[in-house]
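The values are calculated or read from the model by the stated rules, or taken from the named source; none is laboratory data. Nothing here was measured: the structure is a model prediction, and the numbers come from that model. Quick reminder, even Gly has a Cβ in these numbers, built from the backbone with ideal geometry, and neighbours come from all protein chains shown.
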Amino acid sequence: MAEMVTISLPLDRAFALAELALKVNDADSAGRICTDIVHALPDCAPALHLLGVIRYNAGDLKGAIELLSRATTIVDGVALYHCNLCEMRRQAGDLTGALNSGRRAVSIAPDMAQARNNLGIVFFELGEFDDAIAQYQHAVQLAPGYSEAFSNLGNALRAIKAYDAALAAYERSLSLQPDFVDGLNNLGTTLRDLGRWEEAEAAYRRALALSPDNPNVLSNLALALKEREDFEGAAELLSKALEADPDNVQSLTYLALVKLDLKQVLTAEDLARRALALAPDDPRALNALGLARYEQQDSGAALGLFQRAIALSPDLADAHNNLGNVWKEQGRLAEAREAYERAIALDPGETAYSLNLSDAKTYADGDSHLAAMRASMEAGDGLSRTGRMRLSFALAKAYDDLGRYDEAFACLEEGGRLKRQANGYDEAATLGAFDRIRTTFDTRLMARKSAVRSALPVFIIGMPRSGTTLVEQILASHPAVYGGGELGDVDRLVGELPGAVGQSRFQYPEDATFLTTADLEKLGKAYADGQRARAGRAERATDKMPANFLFLGLIHMALPNARVIHVMRDPRDTCLSCYSKLFSMEQGFSYDLAELGRYYRKYTELMAHWRAVLPPGVMLEVRYEDVIADLEGSARAMVTHCGLEWDDACLRFHETARPIRTASASQVHRPIYQGAKGRWRNYESHLAPLSAALGEAPKSQA
């Protein structure tokens, strides 16, 4: 934090009155007196300087700089003028001018602590942290009670990751000024860097108690809440920050990122665009907009935005990570690994980057990344619950690659336990919903049909990790098929249906009994129109959201000519594969083996119900094991089910260049392989809870 300094100078009585008026907060009188002096004596440097400070305090930064520049031109040897001009130029973004002014101030008055502090801030913003530290240290030596300079010293030490020294500087600052909001805010951020989350939150809340509407404190506390996945709480804080400062680019950008966590993608894009309208070259806002476009499957725009952010800020680790995600979904795994490795080098403490790299590589003995992850996990310091959870899943993948299955499973148990503690999964409600769906969608209800007869949609459903991505990639390799990926359209459109009488919102599944033919036609048309907009002239468009099996009856009622492909896989392989993944979308049932097994049983019961009530020819059931054993036979059956002529391109699915955004992205860009079949046997000694929960029900599909 820099400061403007005013001192009494031996001028005439009018000037003394101006200073007195300023000291008693009568800026209007002080300004009028100084203006009169300048009119009478245009070269009166003290009056020009004081008038500049008054203009600065009134928010006229440009006018203040002009006045102080005139003062230094008239009288060059007053350190105070250059000291204040340094800070004004810095705030105006003129770092070169600020540096010149700051250097001139300390050359005139080497023992002026405020000048040292202001010059240090300029060095800090230029990224010259060693020079900044030297200036701050000089300032606090000159003025041991200078709280702001101690806090600024902490900022520079934090920038070079000298965290212990930074904490000592902040603590010294706060011992001098316990109610120093910036010091508390900076202390909280350093504690957050160290993974001391509870202490960080406490520091932010102390700062917020002193300054409830401070946008920086609100934003930083929001980041702490975001790290522990309290996204609603983080959004509330950031919204409050924007109420206090609507044009705060940082708050807009952070809120955009939190809205992405909440899956409110369009809102996130709007926030990122607002930030960029204010600061077109802000790399973090560009990165946030790139993520919003990426979530809307606009990988081309996302790629350009991430690359632009990196060009502006090569050290922005998150942009490198996001670039890696784009490369991975396009099958460019070498580039993806390079981007992830760059992100890790820039920010080794961010475990999300290590998790992404693990998914894009195969580990061998002696891997340096594995050693670094293991060391980080063993040290423990600085790891949040979320960080430990991510690292657990990343290590499990590495140990699995190395055939160290007991170690891999121990990591999966730890990661799953941490995820399950936080995800709020309500098993009773979830399993109860399966029963209510079966009861609601009987043959009588499903006899209702909309008049929307589009044959465009093809729904690929099943459990996560059952092979739906492979099946879609095979079909999407056909020249007449557009591969849509995992779309949220059905869930969104169902949520927009009218509720029953007396209900403000649609309650699924019960309210399906109240839908009219017009409601069904509106639903079917909206879905088909959305797919047509994506698919262009394609004859078929896939939607491989696995959980659409929950809506299958309603899908058939709204789109009677749509085709469904149900992908099945050995239940033990399916469940183990679910258990071994930290999903980007919430799959709350998959982090406890017993809960996972019970969910799978309910899924099989529901699929048996759909077999009984759907008309023949609507749903084709495909086994993953059959696809890898007889690719051509399985592919021909799927193409025929979709009403298309055969094309050999379906056999070369791994050559098809299309973005794939699921946990299977790295696999389906390779030819068929047998490695995933029977993988559960490697972990058989650990799977007793799963086996007990699965029972006998799913064996007919094994």
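A few points about this structure:
- Residue in segment 246-255 that is outside the structural domain of Trp327 (by TED's automatic domain parsing), hydrophobic (A, V, I, L, M, F, W, C), surrounded by fewer than 19 Cβ atoms within 10 Å (Cβ to Cβ) and over 24 Å from Leu174 (Cβ atoms) present: yes
Residue by residue, here is whether (1) over 32 Å from the mean Cα position of the chain (by Cα); (2) touching a residue at least 24 places away in the same chain (Cβ under 8 Å) holds:
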{"site": "Arg537", "(1), (2)": "yes, no"}
{"site": "Ala541", "(1), (2)": "no, yes"}
{"site": "Ala562", "(1), (2)": "yes, yes"}
{"site": "Gln587", "(1), (2)": "no, yes"}
{"site": "Tyr603", "(1), (2)": "no, yes"}
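The rows are residues; the columns are (1) surrounded by fewer than 24 Cβ atoms within 10 Å (Cβ to Cβ); (2) in contact with a Lys or Arg (Cβ under 6 Å, 6 or more places away or on another chain); (3) closer than 26 Å to Ile54 by Cα; (4) β-branched (Val, Ile, Thr).
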| site | (1), (2), (3), (4) |
| --- | --- |
| Leu85 | no, no, yes, no |
| Asn100 | yes, no, yes, no |
| Arg104 | yes, no, yes, no |
| Glu128 | yes, no, no, no |
| Ala139 | no, yes, yes, no |
| Asn152 | no, no, yes, no |
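- Selection status of Thr574, closer than 30 Å to Ser354 by Cα and β-branched (Val, Ile, Thr): yes
- When every residue of segment 560-581 is checked against the conditions, at least one turns out to be in a helix (DSSP H, G or I) and of a type in the set (Lys, Arg).
- Residues located in segment 351-381, provided they are assigned to a loop (DSSP other than H, G, I, E, B) and crowded, with 17+ Cβ neighbours inside 10 Å: Ala360, Lys361, Tyr363
- Note on segment 417-480: enclosed helices (runs of 4 or more DSSP H) holding 2 or more residues that are in contact with a strand residue (DSSP E or B) (Cβ under 6 Å, 6 or more places away or on another chain) are 468-476.
- Segment 141-150, residues that are of a type in the set (Gly, Ala, Ser) and either more than 10 Å from Asn117 (Cα to Cα) or in contact with a Lys or Arg (Cβ under 7 Å, 6 or more places away or on another chain) (or both): Ala143, Gly145, Ser147
- Looking across segment 346-382, the residues that are among the aliphatic types (A, V, I, L, M) and in contact (Cβ under 8 Å) with a residue 24 or more places away in the chain come down to Leu346, Ala352, Leu355, Leu357, Ala360, Ala364, Leu370, Ala372, Met373.
The rows are residues; the columns are (1) within 31 Å of the chain's Cα centre (by Cα); (2) touching a residue at least 60 places away in the same chain (Cβ under 8 Å); (3) surrounded by fewer than 23 Cβ atoms within 10 Å (Cβ to Cβ).
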{"site": "Arg388", "(1), (2), (3)": "yes, no, yes"}
{"site": "Tyr399", "(1), (2), (3)": "yes, no, yes"}
{"site": "Arg448", "(1), (2), (3)": "no, yes, yes"}
{"site": "Ile460", "(1), (2), (3)": "yes, yes, no"}
{"site": "Leu475", "(1), (2), (3)": "no, yes, no"}
{"site": "His478", "(1), (2), (3)": "no, yes, no"}
{"site": "Val481", "(1), (2), (3)": "no, yes, no"}
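- Checking each residue in segment 199-216 for being in contact with a helix residue (DSSP H, G or I) (Cβ under 9 Å, 6 or more places away or on another chain), surrounded by fewer than 18 Cβ atoms within 10 Å (Cβ to Cβ) and in a helix (DSSP H, G or I) picks out Glu199, Ala202, Arg205, Leu210.
- Of the residues contained in segment 435-443, one or more are found to be over 30 Å from Ser368 (Cα atoms), touching a helix residue (DSSP H, G or I) at 6+ places or on another chain (Cβ under 7 Å) and buried (at least 20 other Cβ atoms within 10 Å of the Cβ).
- Residue tally, condition surrounded by fewer than 18 Cβ atoms within 10 Å (Cβ to Cβ) and either touching a residue at least 60 places away in the same chain (Cβ under 8 Å) or closer than 30 Å to Ser368 by Cβ (or both), over segment 405-422: 7
- Residues considered: Asp347, Asp406, Asp401. Of these, the only one that is modelled with pLDDT under 90, of a type outside the set (Gly, Ala, Ser) and not assigned by TED's automatic domain parsing to the domain that holds His686 is Asp347.
- Selection count, segment 278-304, where residues are under 15 Å from the mean Cα position of the chain (by Cα) and either crowded, with 22+ Cβ neighbours inside 10 Å or not in a loop (DSSP other than H, G, I, E, B) (or both): 14
- As a summary of the residue check, Ala339 satisfies the conditions (1) more than 27 Å from Gly484 (Cα to Cα); (2) crowded, with 16+ Cβ neighbours inside 10 Å except for the one numbered (1).
- Of the residues contained in segment 585-600, one or more are found to be outside any loop (DSSP other than H, G, I, E, B), within 28 Å of Glu510 (Cβ to Cβ) and among the basic types (Lys, Arg).
- Residue within segment 176-187 that is surrounded by fewer than 18 Cβ atoms within 10 Å (Cβ to Cβ), under 26 Å from Leu260 (Cα atoms) and free of Cβ contacts under 8 Å to residues at least 12 places away in the same chain present: no
- Cβ-Cβ under 7 Å pairs, at least 6 apart or on other chains, segment 514-533 side in the same structural domain as Leu554 (by TED's automatic domain parsing), far side acidic (Asp, Glu) and at pLDDT below 95: Tyr527/Asp489; Gly530/Asp489
- Failed item in (1) more than 18 Å from Phe549 (Cα to Cα); (2) assigned by TED's automatic domain parsing to the domain that holds Ile555; (3) at pLDDT 90 or above, with Gly416 passing the rest: (2)
- Qualifying residue in segment 226-235 (condition: over 28 Å from Leu167 (Cα atoms) and either among the β-branched types (Val, Ile, Thr) or surrounded by fewer than 16 Cβ atoms within 10 Å (Cβ to Cβ) (or both)): yes
- Matching residues, segment 137-191, being under 21 Å from Arg206 (Cα atoms) and among the polar types (S, T, N, Q): Ser147, Ser151, Asn152, Asn155, Ser173, Ser175, Gln177, Asn185, Asn186, Thr189, Thr190
- Here Asp270 meets the list (1) over 17 Å from the mean Cα position of the chain (by Cα); (2) in a helix (DSSP H, G or I) almost entirely, failing just condition (1).
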